[in-house]
Structures are given as C-alpha cells and as structure tokens.
Amino acid sequence: MRLLRRVVVLLLAALALAAAATAQGQFQLKDGDRVVFYGDSITDQRLYTTFVETYVVTRFPHLRVGFVHSGWGGDRVTGGGGGPIDLRLKRDVIAYKPTVMTIMLGMNDGGYRAWDDTLFKTFSTGYEHFIDAVKKAFPGIRITVIQPSPFDDVTRAPNFEGGYNAVLIRYGQFVKELGERDGLTAADMNTPVVAMLENAKAADPELAKKIIPDRVHPAEGGHLIMAESLLKAWNALAVVASVEINAASVRVVRAENAEVTALRAGQALSWTETDKALPVPLPIPLDSIDKDFALAVHSSDFIEALDQEPLKVTGLTAARYALKIDGEKVGDFTKEQLAEGINLALEPTPMLKQASSVYDLTVKHNDVHFARWREIQVPLQEFNFSREQAALDALDKLEDQIVQQQRAAAQPKPRHYELAPE
C-alpha cells in the first residue's frame, strides 16, 4: 500500500511538473486578444511591429488577434508631438480596449547625452505613471515592457565617453526591474541587437553601418532582430512544420504541426502535406532586396530561433533529386542533404509566397489605420466636423475587410510534393 501511495505521489508530481513546463512555454497571445504597440519613432516605423504581427498571424492562423500600432515619433514618457501622455493614452491606447500592450520608450528620454539624473527621474516617474494609468483602465491587461533598442555605438565611435547606448542600457535595466516588480513581461531589444551589430561589423564593417543608418532608427534587418526579441519574450515557436519520410519503406516517420497523406513511391516520391503554419516571409535569397538585411539575419540566430521548416527524407538511392511543390520547382538537393534535412523556410516555396501575401495585407491594414489616425482623427479633432466620424467609421470598416483577407490568406492549404531523381 505504501509503495502504491508513493507511486501515485510521484506520478502526480511528474504531471504537475509537466503541466508547469507546458504553461511556462505556452505562447502568450490568446484567441480574442487585442494588442496595442506603443512607443516613439522606432515603433512609428511600423517594422518590428508588422514583423511580429505577421509572425502571429502565419504561425497561429487559428487565433483571432487584433493589432493596433500606436507609435509616434519623438515621444517620451511625458508625451510628444501627438499630445501629452494622458491624451495619448486615452486616444491611442485606452480607446482600443487592449488585452495586451507593449511599451518601448527611452530613446528620446535620455536626451542623447551622458547620464543625467534629472532626465532619468522624469523617465522613471513618468514610466510608472504610464503603467499605473493603463492598469487602472484595464486591471487584467498583460503588459510587455521593452528595454529600448540601441543607439549604434558599435559600428561607429561613441559621441562621448561611454557612449549613449550605455545610458539606454541603464534605462533598460530600470524597465526590466519595474517589470519584475509589477509582474510584467520584459523584452530586451538592446542586447541581441548589439550582439548582431558586433557580428555584422566583424563580417563587413561598412555594410554593418547600414543596419541602423542614422544610429537610432534601424533598417528592416535591425527591426527583424528586435521582433525576434519580443517574440522570444512571448515564448514564440521555432518550428513552422517538421516532416520526416523514409523513402525506402514509404513511411511517414514524423509529422510535427503538419498532416501528411497519400504518400506514394514510383518514379518519384510524392505526397500531400498540409502544414498548420507558414514560414516567416523573408526575401529569398536573403540579399535579394538589401544586402544589409541579409547581413543582419546571418549575424543573428533568427533562423534557428524562429524559422525552422525542416523536411527530412531518408532511404533515397539516386544521387540528386528535384523537389517540386504544387508543380513549382523548389530546388535540387543531394540525397545526403535530404537525409540530413533541408529548411524549406529558406527555399522559394508556395508556402513562402502565401506568407508574403499575408505580410502585404498586414502592411496595408496598418497603412489604412495610420491614415485614419494621423491624417484625419488627430488633425481634425479640434474642429468637431459633422462628417468626421463617418469618415473614421468608413476607414475602420475598410481596415476590418483587409484584416479578414489577411486571416483568410494565412489559413493552411494542402500542398502536393514530388521528389524525383535527376
């Protein structure tokens, strides 16, 4: 009897540990969430935010999550060009009734100079006011505080002893500690980007300067690594889909986040595969648009951390094979490459094209929101025009239509695979 009790206790403990581990690793966004991205001009660029949104929509196509981009150039914790902080909060955050919010401030608050106690006091006090105001409006909101992205003191010499990024790191430490104290999620957008810049500088010092061309506002490659940092803080998944097939026995060995049917062997190995997610819509090849984008990706762990779509086929006999998906040639691979596994996320697949169409719709709906907010709502708010609300409502409906298209474009599709010897 004692032995039985001990076994039961051990089993319950194991189940509890497994449940805790699962909860700890669960992606933070939930069905029905509305996310507001708040920040200064770096958020206003709508790059890391659209990368994050596209990842969520393509990796979790079953989730209905809304996104609002509320960055304004020049903002500090006290506000800025969009008005004082309490007006910004009321109009650009609270009005959208978010369940999740991210905050990235600090770049402007430090004054672009050596450490100043007065400026930091304003920042820390203002940041705490910001958090308190949001929590008061929405007691259950899940807030992610972001340690500010770096001022580039890596690819160019600092402007003063120690450099401005050292100031931002201290601001970021306060943000992190505030998050720990208040039970908030914290994301570090400084350390990983600095590490990427150091790697990029070692590989190509001149090209590395283009990753943050003005030392403040990153180009797309820098924003992608920033997006990675936020997604990691949310427990993002590395795997899009993972499939392993044994060609010799015509057997599906493993299908993770994918369904494989109609596996047949003949002159070619063929099957139907429905992946439950899409890869990150990177330009393939990576340097096809901007070489500095490729340098940023290669100088980071982005692919390993967030964009794994492995296909592994063992038991092949010919030396080389051509892979086609939906009749489109993806590439030529040796049997050794296929046995080891190829990352389809880095190949020109129909799934990548599908993900790119989702990204295009993400940009479009955010462009519509920006026009509604910054070109109509804010400039006309003082005049109380009778038809202003009708115009805003029409743009809201247009944005909703684009979002519906975005979600539809992200839904899984069955794909026909064919692997033929050359």
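Each reported figure results from applying straightforward, stated rules to the coordinates on display, with no laboratory input. Bear in mind that the values here come from a model prediction, so they are computed numbers and not experimental data. We place every Cβ from the backbone using ideal geometry, glycine too, and count neighbours over all the protein chains shown.
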### Query
Which shape class applies to segment 110-208: rounded if a/c is under 1.5, otherwise prolate when a/b exceeds b/c and oblate if not, where a ≥ b ≥ c are the square roots of the Cα gyration tensor eigenvalues?
oblate
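Using Stokes-Einstein with the Kirkwood hydrodynamic radius over Cα pairs, what translational diffusion coefficient do you get for segment 149-295 at 25 °C and a viscosity of 0.890 mPa s, in µm²/s rounded to a whole number?
On the way: Rh = 18.6 Å.
Rounded, D is 132 µm²/s.
Quick one: compute the contact order of segment 97-201, relative version, from alpha carbon pairs under 8 angstrom and 6+ residues apart, as a percent. Mind showing how you got there, number by number?
Details: 137 pairs, mean separation 34.9, N = 105.
That works out to 33 percent.
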### Query
Helix 164-182 versus the longest principal axis of the chain: what is the Cα-based angle in degrees, 0 to 90, to the nearest 10?
80 degrees
## Note on the structure
Among (i) 0.97; (ii) 1.02; (iii) 1.49, the value of Rg/Rh (Cα atoms, Kirkwood Rh) computed for this structure carries the label (ii)
### Message
At q = 0.30 Å⁻¹, what log₁₀ I(q)/I(0) does segment 256-315 have when each alpha carbon counts as one equal point scatterer in the Debye sum?
### Response
-1.29
## Note on the structure
Once K291 and R254 are pulled to full extension, the length gained, defined as 0.36 nm per residue separation minus their Cα-Cα distance, is 9.7 nm
### Query
Say the dipole of segment 68-163 comes from +1 at the beta carbon of Lys and Arg and -1 at that of Asp and Glu; which of V100, A114, T78 then lies farthest toward its positive end?
V100
### Message
What percent of all Cα-Cα pairs in segment 21-102 falls into each 10 Å bin, going from 0 up to the bin containing the maximum distance?
### Response
18, 44, 27, 10, 0
#### Entry: Acute angle (nearest 10 degrees) that the helix 117-137 long axis makes with the longest principal axis of the chain, alpha-carbon atoms
70 degrees
### Query
How long is segment 34-187 along each principal axis, judged by its Cα atoms, biggest number first, in Å?
50, 33, 30
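Within segment 352-390, which trypsin sites (Lys or Arg not before Pro) sit in a loop by DSSP and count at most 13 neighbouring Cβ atoms inside 10 Å?
Numbers: sites: K353, K364, R372, R374, R387; in loops: R387.
Listed in order of number, the matching sites are R387.
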### Task
Rounded to the nearest 10 degrees, what's the angle between the helix 48-59 long axis and the longest principal axis of the chain, both from Cα atoms, 0 to 90?
30 degrees
### Task
Treating each Cα of segment 277-384 as an identical point scatterer and ignoring solvent, apply the Debye formula and state log10 I(q)/I(0) at q = 0.16 Å⁻¹.
-0.85
